[in-house]
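Okay, so here's the structure we're looking at.
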Amino acid sequence: MKRLSILGSTGSIGVNTLNVVRNLEEKIFIKYLTANSNSELLIKQAIEFRPETVVIVNKGKANIVKESVERFGIDVMVGREGLIECAKDSDVDILLNGLVGSAGMEPTFQAVKSGVDVALSNKESLVMAGELINHEKRVSGSKIIPVDSEHSAIWQCLTGESINDVSRLILTGSGGPFRNKNKNYFGKITPEEALNHPNWEMGNKITIDSATMMNKGLEIIEAHWLFDMEPNEIDIVVHPQSIIHSMVEFKDRSVKAQLGIPDMKIPIQYALTYPKHIDSEWESLDLASIGSLTFEYPDFDKFPCIRLAYDALKTGGSTPAVLNVVNEYAVYKFLNNEISFTDIPKMIEKACESHNWIEHLDFETLLELETWSIKFVNSFQS
């Protein structure tokens with residue numbers, strides 16, 4: 001029985017992970033469940049799954065959580081410090097990081113440093129701190145198992161293969177809700193429109209990233225750190241049906257692809273059961289009913305965030321971290337109707353150009369960069 005920690009159990013990835021745990025029945029024991037502020041759902045999850053410990057980051061919700069779960073023998077930890085303590089616990093077989101944004105970076109770093117295998121949904125961890133996390137991974141011997149559908153697909157395509165035989169990775173993306181919209185319309189896009197993804201049900205931040213296609217940009221950087229591929233060896237193709245989740249082309253020009261319905265439970269389950277594929281009750285792929293699969297080149301002019309991510313990866317050093325944090329907080333401003341959809345890439349580009357570039361980051365410098373990036377977003381004027 002694997003001992004599992006779920007960071008962000010009340011978010012989209014966390015809820016899907018618990019659906020997977022229900023499917024796996026006796027194969028998983030949950031040691032930790034964590035939530036930022038959704039105490040009501042965390043309490044329900046704790047009563048059903050009976051973890052050893054729950055963490056509620058919002059200290060104002062601590063008393064209600066304690067009153068509700070401690071009578072079941074469940075311990076409660078509080079605050080960001082509780083979250084980090086949970087991530088450091090080496091008495092866990094696998095930690096699933098379903099946190100949103102840059103808040104997920106330090107828990108990934110601490111888990112890997114403690115020798116814990118990480119099922120990683122929080123792509124921002126590697127975008128910000130790929131060099132640091134990979135160093136700790138080599139020292140501790142821990143593994144990072146990708147949960148993103150695209151990187152899970154590549155991971156599966158590489159099973160039994162040598163990375164030295166690979167010529168390129170091909171990340172697929174749906175193109176988001178504005179694939180067929182004229183660029184002139186982009187300045188009028190509302191948060192409500194941008195949150196209407198055609199294929200996937202996800203949290204708000206990643207859904208906006210999909211609309212700007214920054215999600216694909218972040219995945220390029222994540223793929224670099226996961227698979228040791230250079231920017232010119234990582235391509236994007238728009239695939240509106242979201243059935244092929246990604247592909248690997250080998251040096252002999254053969255291509256392997258991983259297919260499945262757009263359902264995050266599939267890559268989550270594989271991350272938890274790796275290297276085995278275990279029975280599930282999820283919907284099967286019916287290609288005949290789909291009829292056809294189509295592909296397009298990405299439009300870098302309409303979606304400049306893709307180019308910005310490629311440029312950040314090529315520049316390296318501190319630039320990807322700045323890109324990541326500025327994007328995150330720009331998305332929050334857009335969701336609050338404080339900036340326009342087209343301000344997001346403008347803000348990112350300006351920040352990447354104007355920050356004091358650092359070649360090699362340590363953990364403290366990363367935190368300083370995060371603070372600088374948030375201040376930049378709050379002071380930005382288009």
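Some observations on this one:
- Verdict on E219 being under 15 Å from the mean Cα position of the chain (by Cα) and either modelled with pLDDT of 95 or more or assigned to a strand (DSSP E or B) (or both): yes
- Extreme residue, nearest to I145 (Cα to Cα), among residues of region 270-281 that are exposed (fewer than 15 other Cβ atoms within 10 Å of the Cβ) and not acidic (D, E): P275
- Wholly within region 63-134, strands (runs of 3 or more DSSP E) carrying at least 3 residues that are within 21 Å of V21 (Cα to Cα): 94-97, 117-120
- The residues listed here are L42, L24; of these, the one that is among the hydrophobic types (A, V, I, L, M, F, W, C) and surrounded by 19 or more Cβ atoms within 10 Å (Cβ to Cβ) is L42.
- Any hit, region 296-306, residues being in a helix (DSSP H, G or I), free of Cβ contacts under 8 Å to residues at least 60 places away in the same chain and surrounded by 15 or more Cβ atoms within 10 Å (Cβ to Cβ): yes
- When region 339-382 is filtered for residues that are over 22 Å from Y310 (Cβ atoms) and β-branched (V, I, T), the ones remaining, listed by number, are I339, T365, T371, I374.
- Among the residues making up region 137-187, those that are of a type in the set (K, R), over 24 Å from E201 (Cα atoms) and touching a residue at least 40 places away in the same chain (Cβ under 8 Å) are R168, K183.
- Here region 162-177 is the region considered, the condition is being of a type outside the set (S, T, N, Q) and part of a loop (DSSP other than H, G, I, E, B), and the residue that is farthest from N232 (Cα to Cα) is P177.
- Only listed residue being within 17 Å of K216 (Cβ to Cβ), at pLDDT 95 or above and not hydrophobic (A, V, I, L, M, F, W, C), chosen from H151, H135: H151
- Any hit, region 69-76, residues being over 30 Å from D362 (Cβ atoms), buried (at least 24 other Cβ atoms within 10 Å of the Cβ) and free of Cβ contacts under 8 Å to residues at least 24 places away in the same chain: no
- Of the candidates S125, S142, S114, the single residue that is at pLDDT 95 or above and surrounded by 22 or more Cβ atoms within 10 Å (Cβ to Cβ) is S125.
- V248 meets all of the listed conditions (1) modelled with pLDDT of 95 or more; (2) surrounded by fewer than 18 Cβ atoms within 10 Å (Cβ to Cβ) but one, namely (2).
- G101 at pLDDT below 95 and either surrounded by fewer than 24 Cβ atoms within 10 Å (Cβ to Cβ) or under 24 Å from T365 (Cβ atoms) (or both): yes
- Taken together, the residues in region 71-129 that are within 21 Å of the chain's Cα centre (by Cα) and at positive phi amount to 2.
- Members of region 139-161 that are farther than 21 Å from F109 by Cβ, outside any helix (DSSP H, G or I) and touching a strand residue (DSSP E or B) at 6+ places or on another chain (Cβ under 9 Å): L158, E161
- For first residues located in region 276-295 and under 23 Å from R179 (Cα atoms) and assigned by TED's automatic domain parsing to the domain that holds T159, partners that are surrounded by 10 or more Cβ atoms within 10 Å (Cβ to Cβ) and of a type in the set (A, V, I, L, M) and lie 6+ apart or on another chain with Cβ distances below 7 Å form the pairs I290/I243; L293/I243; L293/I244; F295/V237; F295/V238.
The values are calculated or read from the model by the stated rules, or taken from the named source; none is laboratory data. Every value quoted in this text rests on a predicted model; they were computed, and no experiment measured them. Please note: Cβ atoms are built from the backbone with ideal geometry, for glycine as well, and neighbour counts cover all protein chains shown.
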